[in-house]
Structures are given as C-alpha cells and as structure tokens.
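A.B. asks: I'd like to ask you about the structure that follows.
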Amino acid sequence: MTIANDVTRHLADLIAFPTISAVSNLDLLDYVEREAAPFGARFKRFPNAEGDKANLLVTVGPEVKGGVVFSGHTDVVPTQGQSWTGDPWTLRNNNGRLIGRGATDMKGFLACCLTALPELSSRPLKAPVHLAFSYDEEVGCTGVGAMADWIGQSHMKPSLAVIGEATSMDMISAHKGGLIGWVRIKGKPGHSSQPDRYVNAVMVAGDLIAEINRIRAEMRSGPQFEGLDPPYSTIQVNQIKGGLHGNIVAEACDFFWEMRIIPGESDLDVLARMERFAKDVLEPAMKAVDPETGIVFEVQARIPGLKPNGDDALDAELLKCLGRTAPRYVSYGTEAGIFQNAGVPSVVIGPGDIADAHQPDESVEIAELERCVAFLHSLGNRCC
C-alpha cells in the first residue's frame, strides 16, 4: 500500500471510534495494539481509577535510554450542535482533504504514527521509538500525567518527546500554561427590598470579577514573552450563572475563569492573589451577616506551559527535518509541558491547521499527513 492509502485507512479506523472525552477509549487502544503487534511492539497501559479509560505506551526497539516518543491524545470534542455535511464518525475524502471528527485534533497524527511504525520497526534501532496515546486531553490534559511521569523516570527515558498537535508541521518550542476553574459563591437569600439583611452572591461575584479585571490589566503591562500572541499572560471570566428572580437577593452565583500564563511566570501566584482577595476583602462582610456564606475556588485543570528546551543542536536537527528555519510560539496549551516537567525535552509538531480543530467538517489534507509520516521516518532515523 502507498503511504496515502495506509494513513487514510488508519485515520478512517480511528475516527470510527467516537472517543469523546465522556466515553471509554479502550476499544480504540485495542485496535492500536492489534495494528502494532505484528511489528514487535510492546505495550504498557496506564488505566484511570474507574478502569474505563487508559493511556497506552507502544514501544519498539531496545530497552535503553534515548530515542524518541511520539505522543497524541485519543479523545475528541463532541459534535452536538454542529452542522456537519455528513456523518462525523465516517471518514470522507473531498478532493484530497479527509473529513471527520478528530481528523486534525488529533487522530490524523495518531494515524501517521501507525503508518510510520512498520518502517521504523524494520530498522536496526539503537534506541527505542515510543508511541504514547493519552486520554482526557480535551478536558484539561488530565489523563496523560501518570504515563508522562513513568516515561520520565523509566530506564527507557527518551531524549525527545514530539507532541503531534496541529501545527501545520511547524515546530512549536514554547506555549503558555493554563489554569482553569470555577468560583462558587454562597450568599443569603431574601426579599430585595431589604438587601442589607442578606448577602447578594451576584454582587459579590461582581466585586471578585472586578479584582480579576485589575489583575488582567496588570498582566498587559507586566512581563512579556516575545513571539507569543499576545506576549503577556491573560486572565478572564467566560461564564457566569446565578440568582433566581429579579426581586430575590441572589443566594448563589458561580463563574468560570481561565488564565493563560507565559513561560517563567506563576499561575499559582495569581490564584493565591484571587483567593486572598476573596478571603480578606469579601468574606468578612459576608460572614458578618451569615457565617454560612462564603467563596470557594475549584480548580478544574492545570496545564503546564512549555518553554524552549535550550538545546540549539536539537532544535537545528528538528528544523532541518521539517525544512523550516525557526520555531514558533503559541498561546494555547498542550501536553508538551507535562512531558517537559517529567524531564523529557519536548516540542509540538503535527499535521493540520489548529483553526480546523473542533469545527464542523473538521479536515486535514492527505498531503500533510504524508509529510508528517516522512518527518517521523526521518526523525526516527536520526534519533534512534
């Protein structure tokens, strides 16, 4: 089979598994193991606590340090509410573009890995090639940690991790980190004609959001990381809900916040400032009315930022493989920072345009997948 035929077949098979984050990915992992087993692959799974999802590490080559890990997530975002022109779970070819949920984000890269595996495994490898397929990336990169930590501490610790998110086959060597969560405010309800007797959770939320907006303004004039867009950290509130009726003092209000922090800055310091403002400035007046009122912060996910590895020789080798002259930086997060924190030098390189991700009729060019397979072959040859 040609590379184009092989990668298309794998992508069709992978997309047929509707692995949104709310469902199991185990059937997809079974498929990966069946496809990789004939090439001498070894497997290690890292299940979640419930046993319905897992990370999968696929390894070919000797059990020594060095080599490379190609990593991607198996989960995709839902299709509900989107206007697709066909079945999202059945791959379609439209003039050289392959359409289906996950084509870009990021089953296209997984298909490239499976397509590259036969040639990579046929070589007399001096160091291993790993495929690391994770779960629950789309809900905050919450699944990959156990696998990344094991890889970083393993006797087969690789020299490089390539996370295959869509970059149009550019090299991303830095990105922002992310911290997201909810604030839950419990007030005391009552008739709105007597507001001083009660605690208005919506008004308290407004005061806290105003403080977040002050932090936002300070970030704009604070430290910068040139090459990112925008080059400074950001924080915002994107969702809010609260109150029962126009003449009832609001008993509850929740809002969702997110921050995207440039490499070298601390997201936890920002969170601590928000919590101090809530505890020291807002809660005393609330609890003076009713001690049962209060403000709770719930962190939903934390995604470490990615900073340049500081290895000019490695960067030059990667750019040579890609036919590029310089890396890029991006403001979205990936699992690369998690691998880097585990001690594995990491970059983000993958097929497809991030603008196509999560969209109806999500698609990727076959030619781009072919370029990705060629890159995996080339990098495997150089690193292993």
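Every read-out reported here was derived from the displayed coordinates using simple, explicitly stated rules and does not represent laboratory data. Since the model is a prediction, treat every value here as computed from it, not as a measurement. Methodologically, a virtual Cβ is constructed for each residue, glycine included, from the backbone with ideal geometry; neighbour enumeration extends over all protein chains shown.
A.B. asks: What is the distance, in nm, between label points placed 7 Å from the Cα along the Cα-to-Cβ direction at Glu298 and at Asn213?
C.D. replies: Once both label points are built, they end up 2.6 nm from each other.
A.B. asks: Now, a different point. So what's Rg/Rh here for region 126-173, counting alpha carbon atoms and using the Kirkwood radius for Rh?
C.D. replies: On the Cα set of region 126-173, Rg over Rh gives 0.99.
A.B. asks: Please state, as a whole number in µm²/s, the translational diffusion coefficient that the Stokes-Einstein equation yields for region 92-218 at 4 °C and 1.567 mPa s, with Rh defined as the Kirkwood radius across alpha carbon pairs.
C.D. replies: D = 64 µm²/s.
A.B. asks: Mind putting together the pair-distance distribution for region 248-384? All Cα pairs, 10 Å bins, whole percent per bin, short to long.
C.D. replies: 9, 26, 26, 17, 12, 8, 3
A.B. asks: Still on this structure, I have one more. Return His175, His130, His73 ranked ascending by Cβ neighbour count within 10 Å, so the fewest neighbours appear first.
C.D. replies: Fewest to most other Cβ atoms nearby, the residues stand as His130, His175, His73.
A.B. asks: Once the other residues with Cβ under 10 Å from the Cβ of Leu306 are scored (Lys, Arg +1; Asp, Glu -1), what is the net sum?
C.D. replies: That sum, taken over residues with Cβ under 10 Å, equals +1.
A.B. asks: About the Cα centre, and with charges only on the beta carbon of Lys, Arg (+1) and Asp, Glu (-1), how big is the dipole of the chain? Nearest 20 debye, please.
C.D. replies: Its charge dipole is roughly 480 debye.
A.B. asks: Still on this structure, please answer the following. When the Cα centres of region 83-124 and region 226-255 are compared, how far apart do they sit, in Å?
C.D. replies: Each part's Cα centre sits 37 Å from the other's.
A.B. asks: Also, quick follow-up: Between Rg and the Kirkwood Rh of region 1-86, both from Cα atoms, what is the Rg to Rh ratio?
C.D. replies: When Rh is taken as the Kirkwood radius, the ratio is 1.01.
A.B. asks: Compare the Cα positions of Ser221, Ala285, Met274 along the charge dipole of region 177-303 (+1 at Cβ of Lys, Arg; -1 at Cβ of Asp, Glu; about the Cα centre) and return the one farthest towards the positive end.
C.D. replies: Working it through, the farthest residue towards the positive pole turns out to be Ala285.
A.B. asks: With unit charges on the beta carbon (Lys/Arg positive, Asp/Glu negative), name the residue among Pro88, His358, Ala4 whose Cα is farthest towards the positive pole of the charge dipole of the chain.
C.D. replies: Ala4
A.B. asks: Given charges of +1 on the Cβ of Lys and Arg and -1 on the Cβ of Asp and Glu, with all other atoms neutral, how large is the dipole of region 156-287 about its Cα centre, in debye to the nearest 20?
C.D. replies: 440
A.B. asks: Looking at region 177-303, what % of the alpha carbon pairs are farther apart than 22 Å?
C.D. replies: In whole percent, the share of Cα-Cα pairs in region 177-303 beyond 22 Å is 39.
A.B. asks: What is the dipole size for region 248-334, taken about its Cα centre, with +1 at each Lys and Arg Cβ and -1 at each Asp and Glu Cβ, in debye to the nearest 20?
C.D. replies: Roughly 440 debye for region 248-334.
A.B. asks: Order these by the 10 Å Cβ neighbour count, fewest first: Cys253, Cys112.
C.D. replies: Going from sparsest to densest Cβ surroundings: Cys253, Cys112.
A.B. asks: When only alpha-carbon atoms count, how far does the chain stretch along each of its three principal axes, as whole angstroms with the largest first?
C.D. replies: That works out to 78, 45, 38 Å along the principal axes.
A.B. asks: Here's another thing I want to ask about it. Would you order Ile354, Ile262 from fewest to most other beta-carbon atoms within 10 Å of each residue's own beta-carbon?
C.D. replies: Ile354, Ile262
A.B. asks: Find out how many positive minus negative residues lie around Gly190, taking Lys and Arg as positive, Asp and Glu as negative, among other residues whose Cβ is under 11 Å from that of Gly190.
C.D. replies: Every neighbour counted, the sum reads -1.
A.B. asks: Over 25 Å between Cα atoms, which of Lys107/Lys241; Lys44/Lys107; Lys44/Lys157; Lys126/Lys157 qualify?
C.D. replies: Beyond 25 Å: Lys107/Lys241.
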